[in-house]
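J.: This is the structure I have questions about; it appears just below.
The values are calculated or read from the model by the stated rules, or taken from the named source; none is laboratory data. Note that this is a predicted model, so its numbers are computed, not measured. Don't worry about glycine lacking a Cβ; one is built from the backbone with ideal geometry, like all the others, and counts go over all protein chains shown. When the accessible area is computed, the model is the full protein with side chains, heavy atoms only, and any ligands, DNA or RNA have been set aside. Shrake-Rupley method; radii C 1.70, N 1.55, O 1.52, S 1.80 Å.
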Amino acid sequence: MEAIVLAAGYSSRANAFKMTLQLGQMTVLEHTISKFEGLCSRVIIVAGFQAELIQNEIAKIISKNAYSFQIKFVYNENFNLGMFSSIQKGCTEVTTETFFITPGDCPLVKQETVQRIAEHKGKVVIPSFLYKGGHPIKLSEQVKQKILESNPESNLRVVLGGFEKTYINEDDPGVLMDVDTQEDYQKASNYNKAFFK
């Protein structure tokens, strides 16, 4: 499998560039991509705003030599159009029949959860916590084609509306936790300290 990690946004509500914020020993971005170890041959990171910071972070991650997957940096020159344009950009790089997609600021999902998503069959597989859908999601080749054929001003929810979804309810609040604001970052830091020692 491969994974698309979306890291092109403005981080406008976080008062900092959230992808490079530290959570314990790793940055938010490294936490997010580390969950694909042993499952993915390649992680495609789509950058836009402050792309050079993402490139620097990728170089640091690669220099650790800690992961078996390749990391592919992709620049979305149309990142100002919104997240769906980055999803489309990432999909142009995907070569596998199924793939993950996740925002880069979803660092706290458990690796076992990602493993179970990978094992589940379905065109659209979504983890949920307390019956609320989260990330990462697993998509099929057919969904990828629909994404690429869609108007760049569309969104993923509209595209996925045309496919049957499989929800996996997990005892993992991390599937819902992102780092959109300073308050989210503080919650993530506390959760990381408590559960990922």
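J.: Would you tally the residues in the stretch 12-34 being touching a Leu at 6+ places or on another chain (Cβ under 7 Å) and either surrounded by fewer than 23 Cβ atoms within 10 Å (Cβ to Cβ) or without any contact (Cβ under 8 Å) to a residue 60 or more places away in the chain (or both)?
T.: Qualifying residue count for the region: 3.
J.: Now a separate question. Between Tyr185, Tyr167, Tyr131, which is under 27 Å from Gln22 (Cα atoms) and either free of Cβ contacts under 8 Å to residues at least 24 places away in the same chain or of a type in the set (Phe, Trp, Tyr) (or both)?
T.: Result: Tyr185 is the single residue among Tyr185, Tyr167, Tyr131 that is under 27 Å from Gln22 (Cα atoms) and either free of Cβ contacts under 8 Å to residues at least 24 places away in the same chain or of a type in the set (Phe, Trp, Tyr) (or both).
J.: If you don't mind, another one. Which of the residues spanning the stretch 85-99 are out of contact with any strand residue (DSSP E or B) (no Cβ under 6 Å at 6 or more places or on another chain) and open to solvent by less than 60 Å² (accessible area, probe 1.4 Å)?
T.: Matches in the stretch 85-99: Ser85, Ile87, Gln88, Cys91.
J.: For the stretch 35-59, what are the residues that are under 16 Å from Gly174 (Cβ atoms) and surrounded by fewer than 17 Cβ atoms within 10 Å (Cβ to Cβ)?
T.: Glu37
J.: Check the stretch 109-127 and report whether any residue there is under 20 Å from Lys18 (Cβ atoms) and crowded, with 22+ Cβ neighbours inside 10 Å.
T.: Scanning the stretch 109-127, I find at least one residue that is under 20 Å from Lys18 (Cβ atoms) and crowded, with 22+ Cβ neighbours inside 10 Å, so the answer is yes.
J.: Can you pull out every residue in the stretch 60-72 that is surrounded by 15 or more Cβ atoms within 10 Å (Cβ to Cβ) and not in a helix (DSSP H, G or I)?
T.: Residues satisfying the conditions are Tyr67, Phe69, Ile71, Lys72.
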